[in-house]
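The values are calculated or read from the model by the stated rules, or taken from the named source; none is laboratory data. All values reported here derive from a predicted model rather than from experimental measurement. All Cβ positions, glycine included, derive from the backbone under ideal geometry; neighbour counts span all protein chains shown.
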Amino acid sequence: MDKKRIILINSSVILIILLAIFFIRPAYLGYATYKEMQGSDLSLEDYGKNMQELKNNMVAANTNLSVCYDFNQILIGQLEKSSDDLIVCNKQVTNYAVSEEKSNVKIDELEKEIEKKEDGLNQYKNEYNLLIGNLANKICCKMKIDNNKISYYKIENNNIICSEESGQEISCSFG
C-alpha cells in the first residue's frame, strides 16, 4: 500500500468516528431522556412543560448569579478601599504612638526640671526664713532692751514689726 492510501484510510476512519460521536451522542441523550420521561409517569406535554420551567429557572438563576457577581465586585472594590484606608489609619496610629512616647519622655524631663527648681525654691525660702528670723531676733532683741514686753515679730509690707502680743516668738540670749 502506498502512503496516500494509508492516509486516506486513516482520515476516513477518523471522520467516521467524529461523525458517529456527533450524531450518536445526541441520539443517546435523546433516548436517555425519553427513557427517563417514561419512568416518571408524565405525559410528553407535562415533561416538556417541566423542561421549559427548568430552563426558565436556569435563566433566572443565571441572572441572579450575574447580579450577585456584579454586587460582589462592588463589595470587593469597597473592601480594597477600606483596607487601604485601614493601612493609612494604622500608620497614623503608629505615628501618634511615637509622638505620644516622645511627648511622655519630654514631659518626664520637664517634671524632673520643675522638681529641681521647686527644690531650689524651697531651699531659698528656708534660707530666706532663716535670714529673716535671725535679723528679726537681732532687731527685736535690741528693741526689747528698751521695752521688755516685746516677745514677738511679724513681717508686714516687707518690714519687720516687733510686737508684744502676737507673731513669731523671738529668742534673745543676753549675756
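Exactly one residue among Tyr69, Tyr31, Tyr47 is touching a helix residue (DSSP H, G or I) at 6+ places or on another chain (Cβ under 8 Å) and not basic (Lys, Arg), and that residue is Tyr47.
Here is a yes/no grid of residues against (1) exposed (fewer than 10 other Cβ atoms within 10 Å of the Cβ); (2) under 60 Å from the mean Cα position of the chain (by Cα); (3) modelled with pLDDT under 90:
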{"site": "Lys106", "(1), (2), (3)": "no, yes, no"}
{"site": "Glu109", "(1), (2), (3)": "no, yes, no"}
{"site": "Gln123", "(1), (2), (3)": "no, yes, no"}
{"site": "Glu127", "(1), (2), (3)": "no, yes, no"}
{"site": "Asp146", "(1), (2), (3)": "yes, no, yes"}
{"site": "Tyr152", "(1), (2), (3)": "no, no, no"}
{"site": "Glu164", "(1), (2), (3)": "no, no, yes"}
{"site": "Gly167", "(1), (2), (3)": "no, no, yes"}
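Do we find a residue being in a strand (DSSP E or B) and among the hydroxyl-bearing types (Ser, Thr, Tyr) anywhere in region 100-109? No, region 100-109 has no match at all. Suppose the filter is modelled with pLDDT under 80 and surrounded by fewer than 10 Cβ atoms within 10 Å (Cβ to Cβ); does Asp41 pass it? Criteria met by Asp41. Being under 30 Å from Glu164 (Cβ atoms) and assigned to a helix (DSSP H, G or I) narrows it down to one residue among Cys140, Cys89; which is it? It is Cys140.
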